[in-house]
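Below is one structure; the comments refer to it alone.
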Amino acid sequence: MERRTFMKFTAAAGASLMLHPFESFAIPPGKKLRLALVGTGARGSSLWGREINKTFGDVTEFVGLSDINPGRLEYVKKALNVTCPTFSDFEQMLRETKPDYVIVTTVDATHDEFIVKALNMGVNVITEKPMTTDEVKCKRILDAEKKSGKKVTVAFNYRHSVHAMQLKELLAQNRVGKVVSVDFNWYLNVHHGADYFRRWHGRMAKSGSLWVHKATHHFDLLNWWLNSEPVEVSAYGTLDHYGKNNSFRGTKCRGCEFKEKCKFYWDITKDAGQVGLYVNNEQYDGYIKDGCVWSNDIDIYDKMSAQIIYANGVVANYSLTTYSPYEGWQIAFNGMNGRMETWEDIPYLQKTPEDQAKRHAIEMSNADDAVAGEVREIMVMDNFAKNYEVYTTPKIRGGHGGGDVRMQRRMFIDTNDNPHHVMAGTREGAMSILIGIAARKSIQLKRPVKISELTDLVPMANRH
Ligand SMILES: NC(=O)c1ccc[n+]([C@@H]2O[C@H](COP(=O)([O-])OP(=O)(O)OC[C@H]3O[C@@H](n4cnc5c(N)ncnc54)[C@H](O)[C@@H]3O)[C@@H](O)[C@H]2O)c1
């Protein structure tokens, strides 16, 4: 077996030097980028709060924080050790603080409200994924951006992971010839997977279902890796495991009469961060973070699979599992000249299996160090070859494979660094959620759904 190592990721090789959205905004030397943030929950306070302060504090400053929960807002302001004012009224925050960028990290179904308001008030936006949750809100965002002349950047962090970037580089080099089909499977374990069923993510109206909330990451990766846009989706999905499917249920884990026999019992009070952020502030908005995974109100799917047809003829087979014993993913690109495949965190393939209960917390942390003695591997086998090649990259577990910090570095420091068009805007945000929205509709209508039924954007065979 021949082993190859990518020593260095310039990732610019072969990539055009297209300017990315942040270059449209020039900050005078010596000035800091003025940031306002709406949604001071877990993601807002960690990656978009603590990590910005820690790593990019020299070039950015928070000028305002906003949330509907006043208790959480004050807790986060203190935790971030910032002096900026806090607001319950988003528009008042923009009027009074005049930020350069608004960062949107609220509940998914509310993103459009803040994106559109910010654009209408002449402010650039960074939004967490998913850009929004349905096709009507999607159009509102696209129209508002066009009208305003301002920019929305969608924070697709997984693209920036070193592993995802290496795959992109090999695909851009046409390593297996023209790709014709893809097999892509993502597994959420019973710890992280269950978390989506404890709170707002489990309600279609708030998250758009995991087809949108979670799979937007995966569909965006596919779109980017394939450099193409989707034209049609056929999907299947059911709620087989969580929600209504159990014989007993409570309202939340704390004080639950079934705690001894429920495998999903989770003691939130053991985590001081969760208590500070959520438990101590329940009285303001009734947001229960340790809600029952067996709630009858859960109306999303927990088992999903789809076929996606791309404008360049590729067909992608995708599945998402939410109650797997382990968390990880695998993908294979079938090309005219060979096959390329890779995986992350499949226990029987890796040297040191993950602690499944801790895996998600590690992924959400921003530790950017590589695991000693281990690598991520991409296998390529050419047609008629006797053997296969292995390409390797460092194995980074924190910050979504190193994607979080690399994405923010490209936003705040290396603003000319846009290898393979890695920075994403509203078109990328739209194309990824539209696959999920089409999948949702396909299940409801029991037929394939064309992307053209949802948008007047015309899918491009070659995006760049
Ligand atoms: N890219 C990633 O890897 C990643 C990881 C985690 C979360 N996220 C995204 O980040 C966002 C936040 O997720 P989270 O886990 O922090 O959720 P969360 O529930 O912890 O936080 C959401 C916050 O928004 C606030 N909020 C809700 N509605 C609001 C409104 N109308 N006005 C003002 N504030 C409002 C809530 O009070 C809460 O503080 C979501 O869109 C999620 O998809 C992305």
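Just a few scattered comments:
- Any chance Ser305 is out of contact with any helix residue (DSSP H, G or I) (no Cβ under 7 Å at 6 or more places or on another chain) and at pLDDT 95 or above: yes
- Subset of region 270-284 (residues that are surrounded by fewer than 12 Cβ atoms within 10 Å (Cβ to Cβ) and of a type in the set (S, T, N, Q)): Gln283
- For Asn416: the one exception among (1) over 30 Å from Lys303 (Cβ atoms); (2) in contact with a helix residue (DSSP H, G or I) (Cβ under 6 Å, 6 or more places away or on another chain): (2)
- Among the residues of region 363-405, the ones that are more than 30 Å from Ile52 (Cβ to Cβ) and at pLDDT below 90 come to 1 in all.
- Positions within region 409-425 being within 14 Å of the ligand (Cβ to nearest atom) and under 14 Å from the mean Cα position of the chain (by Cα), in sequence order: Ala424
- Lys117 part of a helix (DSSP H, G or I) and in contact with a Cys (Cβ under 8 Å, 6 or more places away or on another chain): no
- Only a single item in (1) surrounded by fewer than 17 Cβ atoms within 10 Å (Cβ to Cβ); (2) in contact (Cβ under 8 Å) with a residue 12 or more places away in the chain is not met by Asp355, and it is number (2).
- In region 213-250, the qualifying residues are those that are more than 15 Å from Val182 (Cα to Cα) and under 10 Å from the mean Cα position of the chain (by Cα), and the one that is surrounded by the most Cβ atoms within 10 Å (Cβ to Cβ) is Thr216.
- Qualifying residue in region 215-228 (condition: assigned to a loop (DSSP other than H, G, I, E, B) and over 30 Å from Tyr265 (Cβ atoms)): yes
- Selected residue (criterion: surrounded by the most Cβ atoms within 10 Å (Cβ to Cβ)) from residues of region 75-104 that are of a type in the set (A, V, I, L, M) and within 15 Å of the ligand (Cβ to nearest atom): Val104
- On the stretch given as region 105-136, residues that are within 12 Å of the ligand (Cβ to nearest atom), crowded, with 20+ Cβ neighbours inside 10 Å and closer than 28 Å to Ser452 by Cα total 14.
- Residue match in region 326-345 (condition: under 30 Å from Asp67 (Cα atoms) and either surrounded by fewer than 16 Cβ atoms within 10 Å (Cβ to Cβ) or within 18 Å of the chain's Cα centre (by Cα) (or both)): no
- One residue stands out among those in region 301-325 that are among the small types (Gly, Ala, Ser) and closer than 18 Å to Ser432 by Cα: the one that is nearest to the chain's Cα centre (by Cα), which is Ser319.
- Considering only residues in region 64-87 that are assigned to a loop (DSSP other than H, G, I, E, B) and within 26 Å of the chain's Cα centre (by Cα), the one that is nearest to Tyr284 (Cα to Cα) turns out to be Asn69.
- Unique match (being more than 14 Å from the ligand (Cβ to nearest atom), in a strand (DSSP E or B) and crowded, with 16+ Cβ neighbours inside 10 Å) among Glu61, Glu145: Glu61
- Residues that are more than 15 Å from the ligand (Cβ to nearest atom), more than 26 Å from Tyr278 (Cα to Cα), part of a helix (DSSP H, G or I) and β-branched (Val, Ile, Thr) are absent from region 181-191.
- Applying the set (1) aliphatic (A, V, I, L, M); (2) at pLDDT 95 or above; (3) more than 24 Å from Met423 (Cα to Cα) to Ala357 leaves exactly one unmet item: (2).
- Any hit, region 153-172, residues being crowded, with 24+ Cβ neighbours inside 10 Å, in a strand (DSSP E or B) and more than 13 Å from the ligand (Cβ to nearest atom): no
- For region 131-142, the criterion of being assigned to a helix (DSSP H, G or I), of a type outside the set (Lys, Arg) and free of Cβ contacts under 8 Å to residues at least 40 places away in the same chain is satisfied by at least one residue.
- For region 30-54, a residue qualifies if it is among the polar types (S, T, N, Q) and either within 15 Å of the ligand (Cβ to nearest atom) or modelled with pLDDT under 95 (or both), and the qualifying residues are Thr40, Ser45, Ser46.
- Counting residues in region 153-164 that are more than 25 Å from Ala306 (Cβ to Cβ) and either touching a helix residue (DSSP H, G or I) at 6+ places or on another chain (Cβ under 6 Å) or small (Gly, Ala, Ser) (or both) gives one or more.
- One residue alone among Lys151, Lys147, Lys137, Lys168 is among the basic types (Lys, Arg) and within 30 Å of Leu239 (Cα to Cα), and that residue is Lys137.
Residues checked against (1) within 19 Å of Glu128 (Cβ to Cβ); (2) among the aliphatic types (A, V, I, L, M); (3) touching a strand residue (DSSP E or B) at 6+ places or on another chain (Cβ under 6 Å):
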position: Gly64; (1), (2), (3): yes, no, yes
position: Asp67; (1), (2), (3): yes, no, no
position: Gly71; (1), (2), (3): no, no, no
position: Lys77; (1), (2), (3): no, no, yes
position: Glu91; (1), (2), (3): no, no, no
position: Thr97; (1), (2), (3): no, no, yes
position: Tyr101; (1), (2), (3): yes, no, yes
position: Val107; (1), (2), (3): yes, yes, no
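- Which listed residue is modelled with pLDDT of 90 or more, buried (at least 21 other Cβ atoms within 10 Å of the Cβ) and either under 30 Å from Lys32 (Cα atoms) or not acidic (Asp, Glu) (or both), from Gln408, Gln444: Gln408
The values are calculated or read from the model by the stated rules, or taken from the named source; none is laboratory data. None of the values given here were measured: they were computed from a predicted structure. Using ideal geometry, Cβ is built from the backbone for each residue, glycine included, and neighbour counts are taken over all protein chains shown.
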